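No value in this document is a laboratory result; all are computed from the given coordinates. Just so it is clear, the structure is predicted and the values come from calculations on it, not from any experiment. When we count neighbours, we look across all protein chains shown, and the Cβ atoms used for this are built from the backbone with ideal geometry, even at glycine.
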Amino acid sequence: MFYEPANGHGLPHDPFKAIVAPRPIGWISTRSKSGALNLSPYSYFNVISAHPHLVIFSSSGHKDSVAFIEETGEFAANLVSGHLAEKMNASSVSAPRGVSEFDYAGLTPVPCTLIGAPRVAEAYATLECVVTDIRVPADRHGKPSGSYLVTGEVVGIHIDEAILTEGLIDIRKAQPVSRLGYMDYATVSDVYQMWRPRWDESKD
Ligand SMILES: Cc1cc2nc3c(=O)[nH]c(=O)nc-3n(C[C@H](O)[C@H](O)[C@H](O)COP(=O)(O)O)c2cc1C
């Protein structure tokens, strides 16, 4: 099938987010200027540069995470493993501003090392980020999307050493949760390796 999103898909549910899947989940923790804590999952999340280390997440609307980040210029991106999936989901509740989703979901906020935002003690890794850019992407006609795209530079990284095997991140131990389409999630179960091909100039 082919469809133009502007004209509808004709399927029971919009397949867009199920097509671009799995998506990693950035579990974004922030602290407001007045000290309120906030924690929410974002699956519009990814690494966009290794040098420097840059990550992005996108908020569909001006949510508390974005509001707190605008106040402080800092956030932490925690990673979610399978046994924390329910708590991650609980932390997506639309709690009134000022109510900590750490408390609501039964998670432990601990101080970060370089930034004022807290991190999730139970997470297998946390990226401490300083914001470099917040912008509202537009559609092809220049109409603002209503989403807030936050870019942050990773200035500090926490890793739970329990997920290392011989110094490498062992994804079977970390068991990251990813967002699929609809109400579906997955944890990584099948890992294999590939090396990039090299062009053989002798055959040119
Ligand atoms: C797995 C998962 C992924 C989510 N991804 C996003 C996302 O990428 N962008 C977004 O705006 N909301 C996303 N949400 C919804 C937010 O987590 C939810 O709106 C939350 O209440 C926002 O909290 P805040 O206002 O404290 O920032 C997601 C929810 C779940 C459970």
statement: Given Cβ charges of +1 for Lys and Arg and -1 for Asp and Glu, the option among ALA85, ILE69, THR126 whose Cα lies farthest towards the positive end of the dipole of the chain is ILE69
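What is the Cα radius of gyration of region 23-203 over 2.2 N^0.38 Å, N being its residue count?
Working it through for region 23-203, the quotient is 1.11.
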- prompt: What is the calculated FRET efficiency for PHE16 to ILE48, with r their C-beta to C-beta distance and R₀ = 30 Å, to the nearest 0.05?
  reply: 0.90
message: Which residues does the label zone of ILE157 cover in region 113-138, counting backbone N under 16 Å from a point 7 Å along Cα→Cβ?
response: 113-114, 124-130
message: With +1 on the Cβ of every Lys and Arg and -1 on the Cβ of every Asp and Glu, and nothing else charged, how large is the dipole of the chain about its Cα centre, in debye rounded to the nearest 20?
response: 360
- prompt: Highest GNM mean-square fluctuation, the chain, Cα pairs closer than 10 Å: which of VAL99, VAL130, VAL191?
  reply: VAL191
task: In square nanometres and to one decimal, what's the mean projected area of the convex hull around the Cα atoms of region 1-77?
output: 7.2
D_trans [Stokes-Einstein, Kirkwood Rh over alpha-carbon pairs] for region 130-204, 25 °C, 0.890 mPa s, µm² s⁻¹: 139
task: Would you kindly calculate the translational diffusion coefficient of region 39-130, applying Stokes-Einstein with the Kirkwood radius from alpha carbon pairs, for 20 °C and a viscosity of 1.002 mPa s, and quote it in µm² s⁻¹ without decimals?
output: 156
query: Counting pairs of alpha carbon atoms under 8 Å apart in space and at least six apart in sequence, what relative contact order in percent does region 102-204 give?
result: 16
- line: With the 8 Å Cα cutoff and a minimum separation of six or more residues, the chain has a relative contact order in percent of 23
query: Peptides 192-202, 42-52, 65-75, 175-185: what's the order by average Cβ count within 10 Å, highest mean first?
result: 65-75, 175-185, 42-52, 192-202
